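> Just passing along the structure, written as structure tokens.
The values are calculated or read from the model by the stated rules, or taken from the named source; none is laboratory data. Predicted model only: the values in this text are computed from it and were never measured. Here Cβ is always computed from backbone atoms with ideal geometry, including for glycine, and neighbour counts include all displayed protein chains. Just so you know, the surface numbers come from the protein's heavy atoms only, side chains and all, with ligands and any DNA or RNA stripped out. Shrake-Rupley method; radii C 1.70, N 1.55, O 1.52, S 1.80 Å.
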Amino acid sequence: MKDGHIHTPFCPHGSKDSLKDYIEKAIQLGYQSMTFTEHAPLPESFSDPVPDKDSGMSSHDVPDYLKEIKQLKYEYRKDIEINAGFEVDYIEGYEKETEKFLNEYGPELDDSILSVHFLKGAEQWYCIDFSTSMFQAALNDFGSIYSLYERYFQTLYKSMEAELGKYKPTRIGHMTLIRKFQLLYPSPDRWETMAGDLMKYVKEMNYSLDYNGAGTQKPHCLETYPPIHLAREASSMGIPLVYGSDAHTASGLKQGYEHIDVDLLHSSR
Ligand SMILES: [Zn+2]
Ligand SMILES: [Zn+2]
């Protein structure tokens, strides 16, 4: 049982549950391996479109974050494998700063995720999973649900193509996050083709996928990222899938696991 996507008290929009709370809970749940993937600090020159500007951890806290994980990794070495990582945002146009961050801390990381949460519209940026109103604003800006999906998947392509240095994560976070509000905003007809084409590129690049349970807990989503039939397709293509709870509280560990096809899970990273 491995969980490759876990947040921590260092997340400004998460909970104050301590790293130990997460670890103790994980052991209780029978985890063998867990990776802390806090939202990496956003590039300094990027202005977070979320009102509280709390999408990423503070760059100030990064050394403490890594130090604490390192200590706990040792302390719990007999009980559970603990990995240090980040959920790194791919933000178009900010590749240099992202690479600089990765070059600085990459040597201390075991396992990370590359995600797209931010899309650039005509005049402003949107965090597509923040709220239904921000999703609606993005929809207005891009003109149609089709164009919005198209831009999202294009940005995922770009994230894989981007030059982010040798510590660039090779696991794509929640590849269908754009579906977070799918019950309110039905996906365009061709979306599965877009997703399928993207998976071909994931395979070509030798990347893996975060098989993320968080969407099952979101009232307008109610499915995993990616949904089970796409996860099966990915697996049949030979793409490794790594379960991710995307927990922002200790009690969120293992969320959505009952909706995961566990036979598809990759045993190593
Ligand atoms: Zn988060
Ligand atoms: Zn995420």
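> Tell me the accessible surface of residue 133 in square angstrom (1.4 angstrom probe, heavy atoms of protein chains only), to the nearest ten.
About 80 Å², ignoring ligands and nucleic acids.
> Please tell me which of these pairs span more than 18 angstrom C-alpha to C-alpha: 20/254; 53/100; 25/73; 25/67?
53/100; 25/67
> Taking 0.36 nm per residue of separation and subtracting the Cα-Cα distance, what length does fully extending residue 249 through residue 16 add?
Once the chain is fully extended between residue 249 and residue 16, it gains 83.1 nm.
> Which whole-Hz couplings ³J(HN,Hα) result when phi for each residue of region 232-248 is put into the Karplus expression 6.51 cos²θ - 1.76 cosθ + 1.60, θ = phi - 60°, listed in order with x for Gly and Pro?
5, 4, 4, 4, 5, 7, x, 8, x, 10, 10, 4, x, 7, 6, 5, 10
> Percent relative contact order of the chain, based on C-alpha pairs within less than 8 angstrom and at least six residues apart?
Normalised by residue count, the contact order of the chain is 20 percent.
> Please find the FRET efficiency linking residue 24 to residue 61, where r is the Cβ-Cβ separation and R0 is fixed at 22 Å, and quote it to the nearest 0.05.
0.50
> Leaving ligands, DNA and RNA out of it, rank 207, 257 by accessible area with a 1.4 Å probe, largest first.
From most exposed to least exposed: 257, 207.
> Right, another one. Whenever you get a sec, compute what percent of the accessible area on the chain sits on carbon and sulfur atoms (1.4 Å probe).
Answer for the chain: carbon and sulfur cover 47 percent of the accessible area.
> Might you tell me the accessible area per residue for the chain, computed with a 1.4 Å probe and given in Å²?
44 Å²
> Extension gain residue 263-residue 44, at 0.36 nm per residue separation less the Cα-Cα distance, in nm?
Roughly 74.7 nm would be gained on extension.
> Further question: Which FRET efficiency value, to the nearest 0.05, is calculated for residue 103 and residue 81 with the Förster distance at 25 angstrom and r the Cβ-Cβ distance?
0.45
> For 47, 33, write out the residues from largest to smallest accessible area, computed with a 1.4 angstrom probe and no ligands counted.
47, 33
> Accessible area of residue 45, 1.4 Å probe, to the nearest 10 Å²?
80 Å²
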